[in-house]
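Working notes, structure below.
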Amino acid sequence: MARKNSTLRAVTAAVDAETRLHDDHHLSLRLWLRMLACTNRIEGIVRQNLQARFATTLPRFDLMAQLERAPAGLKMSELSQRLMVTGGNVTGITDGLEKEKLVVREVDSSDRRVFRVRLTAEGQRQFRRMASEHEEWVIALFEGLTHRQKQQLAELLGELKGRIQSAAPPTAAGERERQ
């Protein structure tokens, strides 16, 4: 009888461990899907607001944001890497912004074969206006959370980001993460 009880306990423990493992995997998938849903929803709202308020797109906003952080300008290849898009995408966006006189292409002083792109004074003015409203939109989306909840979420996501970066092999394209 004692042997039967120990076997039953061992089977029960194995089933419980498997259930916990399955539940943890299931929870991890649920978390990933929830983060993805939140990201997609926030991005959708930002896209809609950029279009409605400024008749612009998120890729144009993102390119201008990168240039705003680099007053001396960036090479096209640097923009491509930072935005994680192809050179052709960067060229197309830059062409449109250049036609509107929001950016300018200049020959790089250290390599005359390369162009640097930088915001014009008008581009800086327009970006600051868009960035200010963009910040307000994002703040409004997180309004329902307390300050402590936002801190906890930021800390947990920071920890997750660190674990993912240390566990994930580098991609073939040399993908860089967004902040």
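Worth pointing out:
- Gain upon complete extension [I139, Q165; 0.36 nm per residue less C-alpha separation]: 6.7 nm
- Net charge, E68 excluded, C-beta distance under 10 Å - Lys, Arg +1, Asp, Glu -1: +3
- Gain in span if fully extended, M35 to K150, counting 0.36 nm per residue against the direct Cα distance: 40.0 nm
- Built amide H within the under 5 Å cut-off of F115, gap 5+: M76, D108
- Remark: relative contact order (region 15-166) = 19 percent; criterion is Cα-Cα distance under 8 angstrom and separation of 6 or more residues.
- Aspartates and glutamates with Cα under 12 Å of K161, excluding same-chain neighbours fewer than 8 positions away: E177
- Anisotropy class of region 125-164 from Cα gyration tensor, a/c 1.5 cut: oblate
- Shape summary: region 15-166 maps onto an equivalent ellipsoid whose semi-axes, from the alpha-carbon gyration tensor, are 38, 20, 14 Å in decreasing order.
- Using θ = phi - 60° in the Karplus curve 6.51 cos²θ - 1.76 cosθ + 1.60, the 3J(HN,Hα) couplings for region 84-101 round to 6, 9, 6, x, x, 5, 4, 4, x, 5, 4, 4, x, 5, 5, 4, 8, 6 Hz; x is entered for Gly and Pro.
Any read-out appearing in this document is the output of simple, stated calculations on the displayed coordinates, not a laboratory observation. Only a predicted model underlies this, so the values are computations on that prediction, with no experimental measurement involved. So basically every Cβ, Gly included, is an ideal-geometry build from the backbone, and we count neighbours across all protein chains shown.
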